[in-house]
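What follows is one structure encoded as structure tokens, with my remarks underneath.
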Amino acid sequence: MKRIAFIVATKDRPVEIRRLLDNIQKQSVRPREIIVVDSGKERVENILREFVELRSAYMHVTPPSAARQRNEGLKAVSKSVDLIGFLDDDIIFEEQALENMCAFWDEALSAIGGAGFNLINHPSLFASSLKKLALTERLGFYSSRKGAVLPSGFHTMIGTVEKNMEVDWLPSTAVLWRREVIDKYEFDEWYEGYSYLEDLDFSYSAGKIFKLFVVAGAGYRHFPALGGRANDFQFGRKEVRNRLHFVRKNPELSLAKCYQALLIRMALNFAAIFLNRRPGFLLRCLGNLFGLAAGK
């Protein structure tokens, strides 16, 4: 059986860390090590000591940055580990998720570099019917194919899969990577703070060489915590700025299509103000406008 290490980047979420570690300790298969990389004011080091059956390590890294925290965690992983994974602090695994994931890796061909856990409680997406129109697909904004990266640099959500499925990218919410991938790639620390798209950047690059899969039997649930996230205006700017950065890094993608898709994204955000009665989307639209005006 493969030897696993998980890196968990966290910030001011003691409740979520305790729940996650308790969940991992109850799994039929446990990781060889867990490295918690904390950037919060409320340190969670003492919580790790509550779980004596888990081999864990603690690091404190500032300023907060999911990308940098994961990179620092990678430096601390034991050389004996075969698979290195990343977990968000606000997830929990389904029963036997790690056992089923290990079974996948025991049979995996060397061409497979990464495998994501299967998100069981994926939320419904706003304007999903509009996204699937032929026009949005032609513009490269969306596709009916799960886990795709489109010419615009936009990506489609994976959701819940019924069988193992190959994809173009993998979220870092709950994922395992072959050691050879980790030795070759690292997270781009240009993505600061609540990084957004750093996992798309990392996995899409790896996916140019290695195959990426989502494992149906390795389920998990995500319960997004409120703390540690950007406000609506900041996220609106980040939506634009980070997407443009990603597209500029990958010349096979189209900057023109990216701008088109970003305008559609902004229009959907504006529609959400009225259709979903979510006034916060007004600030998000303003953030989109500032990002587009800056052009970077």
**Study point:** Nearest-ten-degree value, helix 14-25 long axis tilted from longest Cα axis of the chain
**Key:** 50 degrees
Practice item. Would you work out if the chain is rounded, prolate or oblate? Take a ≥ b ≥ c from the square roots of the eigenvalues of the alpha-carbon gyration tensor; rounded if a/c is under 1.5, else prolate when a/b is larger than b/c, oblate otherwise. Key: prolate
Point to revise | Unsatisfied cross-links (Cα-Cα over 28 Å) in the set LYS26/LYS163; LYS26/LYS208; LYS163/LYS238; LYS79/LYS208; LYS184/LYS249 | key: LYS26/LYS208; LYS163/LYS238
Revision key, fill the gap. Probe 1.4 Å, heavy atoms of protein chains only: per residue, the accessible area of the chain in Å² is 47 Å²
Check your understanding: Hey, what did the range 1-76 get for relative contact order, percent, Cα under 8 Å, at least 6 apart?
Key -> 37 percent
Practice item. Highest first, please rank the peptides 270-277, 232-239, 186-193, 105-112 by the mean number of other Cβ atoms sitting within 10 Å of their residues. Key: 232-239, 186-193, 270-277, 105-112
Practice item. For the chain, set up a Gaussian network in which alpha carbons nearer than 10 Å are linked by springs, and say which option among VAL37, VAL52, VAL161 fluctuates the most. Key: VAL52
Review point. Per the helix-only calculation at 222 nm, which mean residue ellipticity applies to the chain, given -39500 (n - 2.57) for every DSSP H run of n ≥ 4 and division by its residues, nearest 500 deg cm²/dmol?
Key: -11500 deg cm²/dmol
Review point. What is the distance in Å between the Cα centres of the range 17-31 and the range 239-296?
Key: 37 Å
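The values are calculated or read from the model by the stated rules, or taken from the named source; none is laboratory data. Bear in mind the structure is a predicted one, so any value in this text is a computation, not a measurement. Ideal geometry is used to build each Cβ from the backbone, glycine not excepted, and the neighbour counts take in all protein chains shown. Accessible surface areas use protein heavy atoms only, side chains included; no ligands, DNA or RNA. Shrake-Rupley method; radii C 1.70, N 1.55, O 1.52, S 1.80 Å.
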